[in-house]
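Undergrad: My questions all concern the structure below.
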Amino acid sequence: MENASKALIIAGAILLSILIIGLGMFIYQQASGAMEGANMDSEKANAYNQKFKNYEGTISGTNARALYEAIASHNRVNTDDFSQQVTLTIDGGAIAEGTVFEPDSEATIATNTLKAGRTYSVTFAYNKSGYITKCNIEQVK
């Protein structure tokens, strides 16, 4: 009888050990899954932002026009998803607040506002997820 009770105690300890190890593995897998998801979101944001990030800083008027066209094209493609629209501000005046550009007015605004021989400073604003939501183009004086 004494040997049987010791055997039951040993068996219980083994089962408890297996349960603790299994719980530890479950917690580890949950934590590593959350970290992978965070990395994927930042990679996705970087891929999304890459077409605009090349223009950040001080650029020529020709590059400012190219950025303008890139934002206009991006907004046209994403007309159904307002959260992916990029608001453009040139010299303090909002040009496109999440609206689709008209093809004729695009060329007119770009030609009249962004001059080829001038230099411009480009800055971006990001949302909580790291996506570009606003672009500001200012003429360098």
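The values are calculated or read from the model by the stated rules, or taken from the named source; none is laboratory data. Note that this is a predicted model, so its numbers are computed, not measured. FYI the Cβ positions are ideal-geometry reconstructions off the backbone, even for glycines, and counts take in every protein chain you see.
Undergrad: For residues that are surrounded by 12 or more Cβ atoms within 10 Å (Cβ to Cβ), over 16 Å from E69 (Cβ atoms) and in contact (Cβ under 8 Å) with a residue 40 or more places away in the chain, tally how many sit in segment 114-125.
TA: Just the residues of segment 114-125 that are surrounded by 12 or more Cβ atoms within 10 Å (Cβ to Cβ), to begin with: 114-115, 118-125.
With the extra rule that they be over 16 Å from E69 (Cβ atoms), the set shrinks to 118-119, 121, 123-125.
The next check asks that each one be in contact (Cβ under 8 Å) with a residue 40 or more places away in the chain; those that pass are 118-119, 121, 123-124.
Selection size over segment 114-125: 5.
Undergrad: Determine which member of the set I90, I18, I59 is of a type in the set (A, V, I, L, M, F, W, C) and more than 20 Å from Y126 (Cβ to Cβ).
TA: Going through I90, I18, I59 in turn, the sole match is I18.
Undergrad: Also, I was wondering about something else. So V140 fits all but one of (1) buried (at least 19 other Cβ atoms within 10 Å of the Cβ); (2) at pLDDT 75 or above; (3) more than 23 Å from D41 (Cα to Cα); (4) touching a Ser or Thr at 6+ places or on another chain (Cβ under 8 Å); what number is the exception?
TA: V140 satisfies all of (1) buried (at least 19 other Cβ atoms within 10 Å of the Cβ); (2) at pLDDT 75 or above; (3) more than 23 Å from D41 (Cα to Cα); (4) touching a Ser or Thr at 6+ places or on another chain (Cβ under 8 Å) except (1).
Undergrad: So, I109, is that one over 17 Å from the mean Cα position of the chain (by Cα), in a strand (DSSP E or B) and either of a type outside the set (G, A, S) or modelled with pLDDT under 80 (or both) or not? Even if it seems obvious, please write down each step before you answer.
TA: Details: over 17 Å from the mean Cα position of the chain (by Cα): yes; in a strand (DSSP E or B): no; either of a type outside the set (G, A, S) or modelled with pLDDT under 80 (or both): yes.
Against the criterion (over 17 Å from the mean Cα position of the chain (by Cα), in a strand (DSSP E or B) and either of a type outside the set (G, A, S) or modelled with pLDDT under 80 (or both)), I109 does not qualify.
Undergrad: May I pose another question? Looking at segment 11-26, I want the residues that are surrounded by 10 or more Cβ atoms within 10 Å (Cβ to Cβ) and among the small types (G, A, S) and have a partner that is in a helix (DSSP H, G or I) and modelled with pLDDT of 95 or more with Cβ atoms under 6 Å, at least 6 apart or on another chain. Which pairs are those?
TA: From segment 11-26, no pairs qualify.
Undergrad: Further question: Quick one: which of I59, I90, I95 is buried (at least 16 other Cβ atoms within 10 Å of the Cβ), within 17 Å of A116 (Cα to Cα) and modelled with pLDDT under 85? It would help to see each step written out before you state the result.
TA: Details: I59 fails: modelled with pLDDT under 85; I95 fails: within 17 Å of A116 (Cα to Cα).
Unique residue meeting the criteria: I90.
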